[in-house]
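What follows is calculated from the coordinates using simple rules that are stated; it is not laboratory data. Remember, it's a predicted structure, so these values are computed and weren't measured experimentally. FYI the Cβ positions are ideal-geometry reconstructions off the backbone, even for glycines, and counts take in every protein chain you see.
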Amino acid sequence: MHVGLATGFAHQRGKSYPDARFVREEIENLVLAEELGFDSVWITEHHFTDYSMSNDPLQLLTYIAGRTKRVKLGTQCIIVPWHNPVRLAEKIINLDLLSNGRAILGFGGGLAPHEFAGLGIDQNKARALYNDILDVLIPALETGIIEGEGAFGTIPRRELRPQPVKSFEGRKFCGSLSGNSMVSAAKHGFGNMVLMLPQRGKETPPDKYREVWQEVHGPGTEPPAPMVSGNFYIDESAEYAEAQGQRYLARTMEAAVENYSLNEPGIFKDIKGYEHYENMTMEPEAVEQYARSFGRGAVTGTPQMILDRMWELKEIYRPQGFFPHVYFGGMPQDEALKNLHMFAEKVMPEVKSWQTDISIDDRFLQAAE
């Protein structure tokens, strides 16, 4: 079983804690992940707030590539509508080239109105941009030739230099599986990324994606096994782990609600393709209770309790790997390192021993042949 480490660059330590110090600590944690034995590291993309201070995952991962030898480098996720397809293809190729083929691609569609506005992108065009950009980007990453016309404009036929070094088949995923994005994900061969875990007993395997996949690829075909994330807190005291994990995940959700403007009823009702998100908005006074309830979705407990829960998740989702968040919500650095080390030393070895139907690591070996 593949085991990676995800981070949301979730600052939430207050304005007195310097941004530069926080980002450097986050990077050092990801470099440390290789030494601790993690198979991959994953970085988000967001802009303008402390919810997630990772505005260029490909740049950050390229830096980490230069600091590491083995660990694979994942995007969780690149927000497709925010990018020019040519520049995006070039950045991805550079990361893969300089890391000797260690890139894993995760794509998303974006949600926060303030991020679209700050980047000068009309959110009403986001769905079209998502589909049209992927339609030219994914073939270009395989062939080294990019061309096309769509919501992004017109790109005349051009050869990308440097050329792609390896196929991305089997190492590309989608964190946005709603509506038309499912069709696009299936069309381009994406696996699913289960980013947020529901509370125990409410898990639903991505059967809808399987249906869409079979509509695109034919009856009896199966999409790639998913990658499963989630938020984990581990401690020898189950009670302490539960309290801390739920506290920090609730803090993350409070920041998420503000970042995505879910505390502003009416904001999505007139944004094309996002109208259904209006049902998720809430009055500001409801946010605290909502976040506290969401916090109960954290995976917490002793090392054995964490292993038991991860085994349940393995049986439900049949993943090809896990990439948990083990620090989040503005967790202090010393506590983040404690959680990171304890997971690596007392949980990860057994999880890695579990058998999977298919492994992303096998895909990397195939691509290297």
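One Cα centroid belongs to the range 9-48, the other to the range 157-218; the line between them spans 26 Å. Looking at the chain, the pairs of alpha carbons with a distance over 25 Å make up 53% of the total. Here's how it looks for F107: its modeled amide H is under 5 Å from those of I78, F173, C174, G175, which are all 5 or more places away or on a different chain. Could you tell me the relative contact order of the range 35-154? Use alpha-carbon pairs under 8 Å, at least six residues apart, and round to a whole percent. Reported as a whole number, the value is 24 percent. Mean-square fluctuations from a GNM of the chain, with a 10 angstrom spring cutoff on Cα atoms, peak among G230, G301, G66 at G66.
In this model, which of K15/K69; K72/K208; K125/K202; K172/K208 are farther than 24 Å apart at the alpha-carbon? Mind dumping the intermediate values first?
Numbers: K15/K69 35 Å; K72/K208 29 Å; K125/K202 33 Å; K172/K208 19 Å.
Distance filter (> 24 Å) returns K15/K69; K72/K208; K125/K202.
With θ taken as phi - 60° and the Karplus curve 6.51 cos²θ - 1.76 cosθ + 1.60 applied, the whole-hertz 3J(HN,Hα) list for the range 226-236 is x, 9, 10, 10, x, 10, 10, 9, 10, 7, 5 Hz, x standing for glycine and proline.
At the listed q of 0.19, 0.20 Å⁻¹, the Debye profile of the range 53-208, built from one uniform point per Cα, gives log10 I(q)/I(0) equal to -1.28, -1.39.
A simple spin-label model places the labels of T221 and A238 4.5 nm from each other, with each point 7 Å out along Cα-to-Cβ.
Note on the range 2-121: the alpha carbon radius of gyration divided by the globular reference 2.2 N^0.38 Å gives 1.05.
May I ask you to sort K272, K69, K172 by Cβ crowding, counting other Cβ atoms within 10 Å and putting the fewest first? Please report the intermediate quantities before stating the final value.
On the way: K272 12, K69 9, K172 24.
In increasing order of surrounding Cβ atoms, one gets K69, K272, K172.
Shape analysis of the range 204-264 yields a ratio of the Cα radius of gyration to the Kirkwood radius, Rg/Rh, of 1.21. Dividing the Cα radius of gyration of the range 234-369 by its Kirkwood radius returns 1.07 for Rg/Rh. Between the beta carbons of K352 and S178, assuming R0 = 30 Å, the FRET efficiency works out to 0.40 to the nearest 0.05. Listed by chain and number, the aspartates and glutamates whose alpha-carbon sits under 12 Å from that of K314, ignoring those within fewer than 8 places in the same chain, are E203, D357. Remark on the range 289-369: Rg and Dmax equal 15.2, 52 Å (Cα only). Computed from point charges on the beta carbon alone (+1 for Lys and Arg, -1 for Asp and Glu), the dipole magnitude for the chain about its Cα centre is near 600 Debye.
In the chain, Cα pairs under 8 Å separated by at least six residues give a relative contact order of 20 percent.
In the chain, a dipole from Cβ-located charges (positive for Lys and Arg, negative for Asp and Glu) runs towards its positive end, and of V71, P164, H83 it is P164 whose Cα lies farthest in that direction. Computed over the Cα atoms of the range 74-137, pair by distinct pair, the Kirkwood hydrodynamic radius stands at 12.4 angstrom. Taking other C-beta atoms within 10 angstrom as a stand-in for reagent exposure, Y260, Y17, Y248, Y209 fall in the order Y17, Y209, Y260, Y248, fewest first.
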